[in-house]
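Engineer: Could you have a look at this structure, given as structure tokens, before my questions?
Please treat every number below as a calculation from the coordinates, not as lab data. Nothing here was measured: the structure is a model prediction, and the numbers come from that model. Cβ coordinates were reconstructed from backbone atoms using ideal geometry, including for glycine residues, and neighbour counts include every protein chain displayed.
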Amino acid sequence: MSDKVNDQQERPLLPSEEWTLSQGDLGLKAGFWNDSTRREIVFRPIVGWIVYHGVNLAVPTQPATNGFSPVVVSDRMWPTLAGSIEGYVGVFLKDMTPSQAREKAAEWAGDSGQDPKINTLQRGQA
């Protein structure tokens, strides 16, 4: 079997992706709603950050996807992106209390009523 592609066949263009993982919390912690009532925010320490850049080569006019997301330890003790854990609110200064964080989350959400995910939707500032 040959790895060569004949002239009539084209290889599909796969997305191009670059990412970097770094350690540290940058003086921040990740906040999550404690339950569906959204009355209390609980925190997880940030163990690192992932910075990524992706381009879909099959659609060259599509803009690149860039991101900067915190990495936390999941309930199963596995490093995971904070945004992939249910109830993720965003990142907060380490010295913020749960009530201060709740107020800030409400400010980020504004009147939209949507979940503020400041790392993925660029809403709010810590």
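Engineer: What is the set of long-range amide H partners of residue 74 at a cut-off below 5 Å, with H atoms built 1.01 Å from backbone N?
Structural biologist: Sorted by chain and number, the residues that satisfy this are 80.
Engineer: Quick one: 3J(HN,Hα) in Hz for the stretch 56-62, Karplus 6.51/-1.76/1.60 with θ = phi - 60°, rounded, Gly and Pro as x.
Structural biologist: 8, 5, 6, 10, x, 7, 6
Engineer: Could you tell me which trypsin sites (Lys or Arg not before Pro) in the stretch 14-73 are loop residues by DSSP with no more than 13 other beta carbons within 10 angstrom of their beta carbon? Kindly include the intermediate steps, with their values, before the conclusion.
Structural biologist: Details: sites: 29, 38, 39; in loops: 38, 39.
In loop regions of the stretch 14-73 (DSSP not H, G, I, E or B), the sparsely surrounded trypsin sites (Lys or Arg not before Pro) are 39.
Engineer: Search the structure for amide H atoms under 5 Å from the amide H of residue 46, placed 1.01 Å from N in the peptide plane, and list their residues when 5 or more places away or on another chain.
Structural biologist: 30
Engineer: Can you give me the three principal axis dimensions of the stretch 16-121 from its C-alpha atoms, in Å, biggest first?
Structural biologist: 45, 33, 24
Engineer: Give me the net charge of residue 26's neighbourhood, meaning all other residues with Cβ under 14 Å from the Cβ of residue 26; Lys, Arg count +1, Asp, Glu -1. Don't skip to the end; give the middle numbers.
Structural biologist: Values: positive: 29, 94; negative: 25, 95.
Every neighbour counted, the sum reads 0.
Engineer: What are the residues whose amide H is under 5 Å from the amide H of residue 40, where those residues sit 5 or more places off or on another chain and H is modelled from the backbone?
Structural biologist: 34, 35
Engineer: What FRET efficiency do you get for residue 58 and residue 78 if R0 is 30 Å and r is their Cβ-Cβ distance, rounded to the nearest 0.05?
Structural biologist: Working: r = 32 Å, r/R0 = 1.06.
My answer for the efficiency is 0.40.
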